1. Could you name the lysines whose alpha carbon sits less than 19 Å from that of residue 138, not counting residues in the same chain fewer than 8 places away?
2. Over the Cα atoms, compute the radius of gyration (one decimal) and Dmax (the largest Cα-Cα distance, rounded to a whole number) for the chain, in Å.
3. Per residue, how much space in cubic angstrom lies within the convex hull of the C-alpha atoms of the range 53-141?
4. Using packing as a proxy for protection, rank 110-120, 282-292 so that the peptide with the highest average count of other Cβ atoms within 10 Å comes first.
5. Among 261-273, 126-138, 198-210, 333-345, how do they line up from the highest to the lowest mean number of other beta-carbon atoms within 10 Å?
6. Please work out how much length the chain gains when fully extended from residue 41 to residue 89, using 0.36 nm per residue of separation minus the C-alpha to C-alpha distance, in nm with one decimal.
7. Arrange the following residues from fewest to most other Cβ atoms within 10 Å of their Cβ: 65, 235.
8. Could you list which residues have their amide H under 5 Å from that of residue 144, counting only those 5 or more apart in sequence or on another chain, with H placed in the peptide plane?
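Rule-based calculations on the coordinates, nothing more; no lab input. Just so we're clear, the structure is a prediction, and the values are computed from it rather than from any experiment. Because the Cβ atoms are built from the backbone with ideal geometry, glycine has one as well, and the counts that use them run over all protein chains shown.
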Amino acid sequence: MFHAIKNQNGEFPEAGSLTLARADWPLAGGGAPPAATIRERCEDFRVIEAPLLEPSGEGEHLWVWIRKTDWTTAAVGDCLARWAGVERRGIGWAGRKDRKAVTEQWFSIHLPGRTDPDVDCVWPAGIELLALRRHDRKLRAGMLAGNRFLLRVRHLRGEREEVERRLEKIREEGAPNYFGPQRFGRRGDNMRQACQFLLGGKRIRGRALRSTLISAARSWIFNELLAARVRDGSWRRPVRGDVLMLEGSHSVFRCEAVDETILARAASGDLRVTGPLPGDGGMLSDAPVEREVLQAWDDLVGALAARRVKADRRPLSVTPRDLELRWLDDESFELSFELPPGAYATSILRELVTFEQNI
């Protein structure tokens, strides 16, 4: 994973006052996990989207349930647009899924007054159409309940007991809710371009690419704050001035005083400490560590606010649901769990094993 460092020479050229260098954001589990291999093949990383709603069967949007292998979500969207004879903006999806994986999810196609396209055509290798149904709404980002993962980890070079110890810690405490390396592109290139765009005045054509770069910058700053909280041990423990999120409603409030009730609710996962997704407005924490991190990135934070990007909050921790591990032999295991929207499976995996990131 790529980590940002200020006022030091790194392997990437400066953009504004920022220099990018290669490093890792800290783990919550302590020490280095045993090494292993993930995604040796696409079938080792399976993702099934959990829909927020089921299509009604009527409406001008055709929803198609797709299984893709070694395709990006955006590339499948382009393929569906050509198949249906519509412009790219007529395609919707709830969330982007990994490329080097086997994933299933809904796409929507806007077909007002039109019949369904021919389903008997020949699809490109790696794309399977599994179901079609009409609905009255377009799929938009975030319209999902979560994602279900089935992952195979191979070539473990370490003790099974250490993996199981780390697994129990995740069951009890969750894991740091880092944005995964996919958000930052290969070798952190999205973040480098984001700095050039937001701070260096580089022109970026295309709304989608601009949105990707802005998201990378916001995610990077969030990860920096989360890393600081992991280092001082407060990524799950509220401090005075924190902005806390209710687990059920996702509403937020500022914690003016930390008492036993607040601590107990945070320990149970009913309340979660949040970090900033910087932009214009929003509720900021009064916690000193957040002020320090945002001050360290004030040029980038200011650039995001100037572009009127809406500020938001994101939980610092995530607890995988139905987390199960099944040993296949002494050197390989399967891991299954469900995560809420926006959480990354690799942020769970990195607490269990050390692996080379393939994005």
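1. Correct list for residue 138: 97.
2. When restricted to the Cα atoms of the chain, Rg and Dmax are 21.2, 63 Å.
3. Per-residue hull volume (Cα only) is 86 Å³.
4. Result, highest mean Cβ count within 10 Å first: 282-292, 110-120.
5. 333-345, 261-273, 126-138, 198-210
6. So the chain would gain 14.1 nm between residue 41 and residue 89.
7. By the 10 Å Cβ count, ascending: 65, 235.
8. Sorted by chain and number, the residues that satisfy this are 52.
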